[in-house]
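Notes for the one structure printed next.
Values quoted throughout were computed directly from the atomic coordinates according to the rules given, and no laboratory measurement underlies them. The shown structure was predicted, so the numbers you read here are calculated from the model rather than taken from an experiment. In this analysis, Cβ positions are derived from the backbone assuming ideal geometry, glycine residues included, and neighbour counts consider all displayed protein chains.
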Amino acid sequence: MNKQHIESKISIGHTGQSQALQSEESKSFMNFLNGDDNAAMYFFRSYNRKLFLYCAKLVNNVHIAEDITQEVWERIIKLRNQSQPEIANPGGFMFTIARNLCLNHIKLRKHTIPIESISEMDIPHEFQPGSTDMEELVNSSLDTLKFEDKELLVLNMFCGYRFDEIAEMMGMSPNAIWTRASRARAQLRDKVKIMIKKDNL
């Protein structure tokens with residue numbers, strides 16, 4: 001059995017498991033919207049921290065990220081007990097709301113707040129610049145990427161999503177996401193190298 005065939009079988013297996021989980025989440029999300037408090041608690045525990053990290057890294061301000069995350073939940077709660085079509089991808093639905101709110105915030109301000117200007121105590125543990133120069137360089141370089149590339153790496157590096165899961169969220173093919181991620185990572189590496197050279201001058 002050749003390598004390509006093995007990788008194909010693994011990919012199909014991951015896709016099948018992911019689709020089954022997504023179908024189950026879709027049913028649970030509809031229960032949530034229909035007033036099931038247990039389902040509501042499940043989604044809050046599963047997604048609140050990830051939504052916050054996503055927003056915090058995109059807007060570079062944890063206080064604004066807290067407000068945006070809260071608004072995501074407020075918008076979802078407003079949908080409860082209303083007639084709604086089934087939402088096939090709850091995670092993608094919630095991150096789309098968060099993404100639009102983050103973009104609205106970014107458009108309203110002329111300059112982003114540098115991560116270095118935020119108090120270290122205010123930065124979530126998952127993406128603190130850390131104690132090493134390399135970690136600080138990576139964080140600074142990440143902020144120079146295009147929004148779409150930065151968003152993709154944030155979902156993968158800080159929120160812990162696999163690329164096939166990100167593909168489902170964004171309604172794109174895994175191959176397209178993988179290509180974008182490879183390009184974004186290459187750009188990130190190049191930017192880090194440039195910063196290292198500048199520091200060594």
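Between residue 173 and residue 46, how many nm apart are label points set 7 Å from Cα along the C-beta direction?
Result for the modelled spin labels: 2.8 nm.
Taking 0.36 nm per residue of separation and subtracting the Cα-Cα distance, what length does fully extending residue 38 through residue 189 add? Display every interim value, and only then the final one.
Working: separation 151, 0.36 × 151 = 54.36 nm, distance 4.34 nm.
Taking 0.36 nm per residue and subtracting the Cα distance, the gain is 50.0 nm.
Taking 18 Å as the cut-off for C-alpha to C-alpha distance, list the pairs among 27/50; 107/146; 107/191; 78/107; 57/146; 146/191 that go past it.
Values: 27/50 21 Å; 107/146 14 Å; 107/191 25 Å; 78/107 25 Å; 57/146 13 Å; 146/191 12 Å.
The pairs that break the limit, which is 18 Å between Cα atoms, are 27/50; 107/191; 78/107.
Find how many whole Å separate the alpha carbon centroid of the range 40-60 from the alpha carbon centroid of the range 146-199.
That distance is 19 Å.
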